[in-house]
Amino acid sequence: MRVDLNISGQNTINIQQFGSIIILDLNLHIIGISENALEELKIDHIDHVLDCSLESLGPTIFGKNTNKIHRLIENIKDHVIPRQIIPIKLANKRVYLKLSLHDDQIFIEWEEQFKKYTSAKKINEFSFLLDTIQPNNWHLVCHAINRILHFDHVFVVQIEETGYSHVVAEDTLDGQQYYKDMEFSKSFMPKEVFPFYSMCSYRYSPNLKNNNQKFYTNKQDFILLESQLVPVPELHQIFLSEKGVVSALFFSIHIDGNFWGLLVAHHGKEKNIDLQQRKLCTFAIQNATSKYESYLKQNLLERNEILRTAEVDLKIDLLKSKSVNCALMKHMDIIMDMVDADGFALFNQGDVCFNGICPTKAQLYEIVAFIQAHTEKSLFKDNNFRETHAKKFKGRLPFAGLMYLKVGLLNDQILIWFRKESASKVLNLQLNPLTSEQNTPRIVITESRNKDIAKSWNDIEINFVLTLNQILKESIVSKLKEKQQWNEQVVASNNELEMLTFTLSHDLKNPLSILKIGLQFLQNSKDVLNAVALQKWYSNLIASTESIEEIINNVVSLSQQKGNSLSKEPIPMAYNLQQIFNDSSLLYENKSYEVEYGKLLPIWAEKSALYQIFSNLISNAIKYSTHVTTATLYINSYFEGGQVCYLIQDNGIGIPKENLTQIFEIFKRGSNVKDIEGTGVGLSLVKRIMERLGGSIKIESEINKGTSVYLYFPIVEDFPPSMLAD
């Protein structure tokens with residue numbers, strides 16, 4: 001639109017000739033008026049109209065319809081109705097009067113009515129046409145519209161993501177196709193013309209050359225875009241004139257609320273199309289658009305169902321397969337089909353698998369290296385990759401566009417989809433600036449062949465790739481966790497085996513030593529022992545062998561149960577502790593060792609496990625007290641917090657404070673043990689067995705004063721009363 005300032009200080013805008021317009025502010029004062037409307041008022045000077053109230057000038061224009069129009073304007077102003085179209089008679093001429101509100105401005109437009117009514121035959125024919133329009137069949141839509149308009153050309157142009165405009169359907173009076181499958185370059189539909197076409201359901205120009213009517217306003221930068229009288233954008237106006245088009249209609253197509261494209265109707269002669277016919281066309285296009293949206297949604301549902309099935313199958317195979325790459329190889333066909341690709345490649349740590357139209361292995365290595373060097377994004381897509389980058393690779397690339405997905409942080413798992421060239425004719429438009437040279441054309445139209453450009457990747461396809469990426473990431477993380485758990489299990493198994501070895505070597509030492517000492521004593525003294533003493537020694541030897549057997553059984557049980565807790569029963573402790581002390585005393589040369597027993601409560605545990613616990617602790621107490629003149633051991637128990645607590649207290653060498661935090665670690669011993677025999681395994685075993693029993697251990701110690709060991713055993717249920725009797 002061209003805006004000039006006339007000599008009276010008012011802005012003027014050139015608009016189309018076929019109608020009239022008055023624009024009011026919310027106070028119903030005139031802020032803009034067209035030349036045709038001024039002629040209706042028979043007013044010679046614009047200053048007599050602008051800023052005047054509609055109340056004073058309305059009767060001159062609208063006559064007996066003034067009050068009716070005032071009521072409609074008030075309803076629109078108060079948002080009772082959004083807009084209104086009424087057929088009325090003005091100056092003995094039948095017109096359509098249109099009222100609407102835009103940005104606090106009230107538009108009053110009127111144009112001549114060419115048909116008083118639409119015949120029943122036309123309505124029936126129109127209904128039949130609506131019924132015949134099938135989803136995703138824009139050819140039938142073009143044909144149906146042209147049955148109403150009878151224009152030379154009717155075609156649908158889709159505006160693609162790339163900025164190119166693609167003609168998807170066409171209907172002509174002569175049966176020839178002029179634009180079908182043709183593409184217009186980005187210059188044909190620049191972003192600045194989008195509002196002109198997208199904000200109205202249609203745009204109408206009965207004569208593209210007749211844009212000489214003036215619109216007057218006292219406002220700066222006045223925007224008339226909502227009016228049907230605004231001329232077609234200059235670029236399209238010149239292009240259509242070059243093609244011999246005089247009359248044109250443009251119907252906007254919106255899919256899911258987004259400007260999708262246009263249905264365009266061209267005619268080589270001036271042709272007036274009645275408003276009713278335009279509305280019928282609009283209704284037909286909206287009906288077709290609704291069907292197309294339903295088709296897309298149904299297609300999306302079906303596609304999503306396939307996707308969900310593919311995702312489930314892929315997830316199952318990802319769980320079953322040892323590697324992500326193995327699972328992907330099984331699903332290469334579906335992964336390629338889901339993004340409508342012509343080829344697909346898997347790149348995994350240098351290994352490559354191909355499906356469909358793909359580059360050579362050497363080219364793929366070059367492509368991966370090139371993309372990695374140029375972007376850190378996980379997802380990269382380029383529908384004209386060959387056109388832009390072909391010179392960087394050896395040999396001709398067999399594809400035009402690609403989409404690249406890097407899975408994970410490392411560059412060892414890459415998925416690449418390929419699309420072949422989508423060849424088409426392209427019209428390029430170039431608008432030349434106005435010059436004084438008469439022979440300079442206003443527009444240069446060139447036709448080229450669209451090559452090395454593939455079809456763009458749409459939102460559905462990209463969403464599938466993003467979903468796939470998420471599935472693969474989750475699988476990779478899961479497999480890393482499985483690997484970590486496996487490694488931990490291997491380490492744990494090794495530790496378990498090591499602990500079993502230490503347990504057997506450590507805990508069998510005491511009963512084996514007792515057995516050895518007993519056998520040696522019997523061998524040397526059996527002739528001088530009486531029957532009672534001999535029986536006692538035999539009993540001790542049998543008890544030692546039973547202890548060995550129980551320890552072995554317990555170790556086997558521990559290895560089988562692994563992390564599970566041990567089975568428990570109530571065990572009386574008085575006799576067991578006395579027996580353990582007597583056995584341990586035989587191993588060390590401290591004849592003056594004294595033991596004092598307090599209350600010895602029963603324990604919910606496993607018998608052989610208790611033998612290992614107390615045998616280790618009592619042996620330690622005796623062993624680390626051999627240098628003390630009067631060595632004493634105190635064993636007591638009591639209830640505390642729903643547990644049985646056992647205290648084993650000695651007056652031995654004690655444990656240095658700095659060693660207490662590590663004393664339960666295997667092979668860790670106090671720094672003051674010097675040449676006292678030991679491996680640093682016993683307390684580690686005790687702690688481990690206590691944890692299997694669901695209990696805990698605590699040690700307090702002081703150098704040269706002794707050590708106190710606290711053992712806490714959970715109470716599974718009440719002890720039998722007989723066990724608690726003194």
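Worth a mention:
- Subset of region 28-80 [farther than 24 Å from ASP104 by Cβ and touching a residue at least 40 places away in the same chain (Cβ under 8 Å)]: GLU35, ASN36, GLU40
Every residue, every condition in (1) farther than 18 Å from PHE418 by Cβ; (2) assigned by TED's automatic domain parsing to the domain that holds ASN136; (3) over 21 Å from the mean Cα position of the chain (by Cα); (4) among the acidic types (Asp, Glu), yes or no:
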residue: TYR295; (1), (2), (3), (4): yes, yes, yes, no
residue: ASP313; (1), (2), (3), (4): yes, yes, no, yes
residue: MET332; (1), (2), (3), (4): no, no, yes, no
residue: ILE357; (1), (2), (3), (4): no, no, yes, no
residue: THR360; (1), (2), (3), (4): no, no, yes, no
residue: LEU364; (1), (2), (3), (4): no, no, yes, no
residue: ILE367; (1), (2), (3), (4): no, no, yes, no
residue: LEU379; (1), (2), (3), (4): no, no, no, no
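- Conditions (1) among the small types (Gly, Ala, Ser); (2) touching an Asp or Glu at 6+ places or on another chain (Cβ under 6 Å); (3) within 25 Å of PRO195 (Cβ to Cβ); number of the one not met by GLY268: (3)
- Matching helices (runs of 4 or more DSSP H) fully within region 304-400 where at least 2 residues are of a type outside the set (Phe, Trp, Tyr), free of Cβ contacts under 8 Å to residues at least 24 places away in the same chain and out of contact with any helix residue (DSSP H, G or I) (no Cβ under 6 Å at 6 or more places or on another chain): 332-337, 361-374, 385-389
- Beta carbons closer than 7 Å, at least 6 apart along the sequence or on distinct chains, pair a first residue in region 172-190 that is among the charged types (D, E, K, R) with a second that is part of a loop (DSSP other than H, G, I, E, B) and buried (at least 17 other Cβ atoms within 10 Å of the Cβ) for GLU183/TYR164; LYS186/TYR164.
- Residue in region 152-204 that is surrounded by the most Cβ atoms within 10 Å (Cβ to Cβ), counting only those that are polar (S, T, N, Q) and either assigned by TED's automatic domain parsing to the domain that holds ILE443 or within 13 Å of PHE259 (Cα to Cα) (or both): SER165
- Residue match in region 678-685 (condition: surrounded by 17 or more Cβ atoms within 10 Å (Cβ to Cβ), within 16 Å of GLN612 (Cβ to Cβ) and modelled with pLDDT of 90 or more): no
- Within region 652-706, the residues that satisfy the criterion of being over 22 Å from HIS627 (Cβ atoms) and either not in a helix (DSSP H, G or I) or not assigned by TED's automatic domain parsing to the domain that holds THR629 (or both) are PHE664, GLU665, ILE666, PHE667, VAL681, LEU693, GLY694, GLY695, SER696, ILE697, LYS698.
- The condition of being in contact with a helix residue (DSSP H, G or I) (Cβ under 9 Å, 6 or more places away or on another chain) and surrounded by 14 or more Cβ atoms within 10 Å (Cβ to Cβ) holds for only one of ILE699, ILE655, that being ILE699.
- Residue match in region 594-605 (condition: under 30 Å from ASP718 (Cβ atoms), buried (at least 21 other Cβ atoms within 10 Å of the Cβ), touching a residue at least 60 places away in the same chain (Cβ under 8 Å) and among the small types (Gly, Ala, Ser)): yes
- Whichever residue in region 576-600 is at pLDDT below 85 and among the hydrophobic types (A, V, I, L, M, F, W, C) and, among such residues, is nearest to the chain's Cα centre (by Cα): LEU587
- Every residue from region 295-316 that is over 20 Å from ILE462 (Cβ atoms) and either modelled with pLDDT under 75 or basic (Lys, Arg) (or both): LYS315
- Filtering region 432-470 to residues that are at pLDDT below 80, under 24 Å from PHE239 (Cβ atoms) and either surrounded by 16 or more Cβ atoms within 10 Å (Cβ to Cβ) or aromatic (Phe, Trp, Tyr) (or both) leaves ARG442, ASN450.
- The residue that is modelled with the highest pLDDT, among those in region 81-118 that are assigned to a loop (DSSP other than H, G, I, E, B) and in contact with a helix residue (DSSP H, G or I) (Cβ under 9 Å, 6 or more places away or on another chain), is GLN113.
The values are calculated or read from the model by the stated rules, or taken from the named source; none is laboratory data. All values reported here derive from a predicted model rather than from experimental measurement. Cβ sites come from the backbone with ideal geometry, for glycine too, and all protein chains shown count toward neighbours.
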